[in-house]
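Asker: The structure under discussion is supplied below as structure tokens; questions concerning it will follow.
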């Protein structure tokens, strides 16, 4: 897919998520996940935006010393709490991941319904065979007050082709079926195949054993059998 078209599609998805954030209800904790599938890894971003009515509940879960500030330690503890409720599975096997970045809006922005907490995480994939694979992302955090969105973005690598996406009723679970194309490094180039074929021809027609004429001993006259 051309870079311009890919960028436009990503922009549309980002605007759709933004529109959902601005329109979500006051009593909901909106959690929007965006997944990126690549040949060697899976990454996701999770944006969490509390509505005005639930903001104090979320702030209290983060600000444990009640000083109306989110310290570095409190942020790390909340990230651990959230990620403990997230799961990724690849082809039926659990896929470990680690958080690579996080950001927290200040408590005042959360109270106004304008602030977002963002987590970014990534999981390395084992070496996969070419063909179809299935990735499942599950978000089980704060089901009591949350609504969920989940989408897989257009892959940057042309080796990955999203075949389909399926979600459960509340979008807590996203299933992504995708095809992984063979790596060009694993496919012998045409010139190498031609070289191998050339050596095979030489071996068959040039280097095969030939019938040699018997050697005559010294002093033995040569007799023409046809005479």
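Every read-out reported here was derived from the displayed coordinates using simple, explicitly stated rules and does not represent laboratory data. Small disclaimer: the values here were computed from a predicted structure and weren't measured. When we count neighbours, we look across all protein chains shown, and the Cβ atoms used for this are built from the backbone with ideal geometry, even at glycine.
Asker: Suppose R0 equals 35 Å. What FRET efficiency, 1/(1 + (r/R0)^6) with r the Cβ-Cβ distance, do residue 145 and residue 182 give to the nearest 0.05?
Answerer: It comes to 0.15.
Asker: Moving on. May I ask you to list the residues of region 153-180 whose amide nitrogen lies under 11 Å from a point 7 Å from Cα along the Cα→beta-carbon direction of residue 128?
Answerer: Only 159-163, 176-180 pass the distance filter.
Asker: Further question: If I take every Cα pair under 8 Å that is 6 or more residues apart in region 3-184, average their sequence separation and divide by the length, what percent do I get for the relative contact order?
Answerer: Values: 348 pairs, mean separation 47.1, N = 182.
Reported as a whole number, the value is 26 percent.
Asker: Quickly work out the residue 100-to-residue 167 label distance, labels modelled 7 Å from Cα along the C-beta direction, and quote it in nm with one decimal.
Answerer: With each label placed 7 Å out from Cα toward Cβ, I get 2.4 nm.
Asker: Expressed in nm to one decimal, what extension gain is obtained for the pair residue 93 and residue 68 from 0.36 nm per residue of sequence separation less their Cα-Cα distance?
Answerer: 4.9 nm
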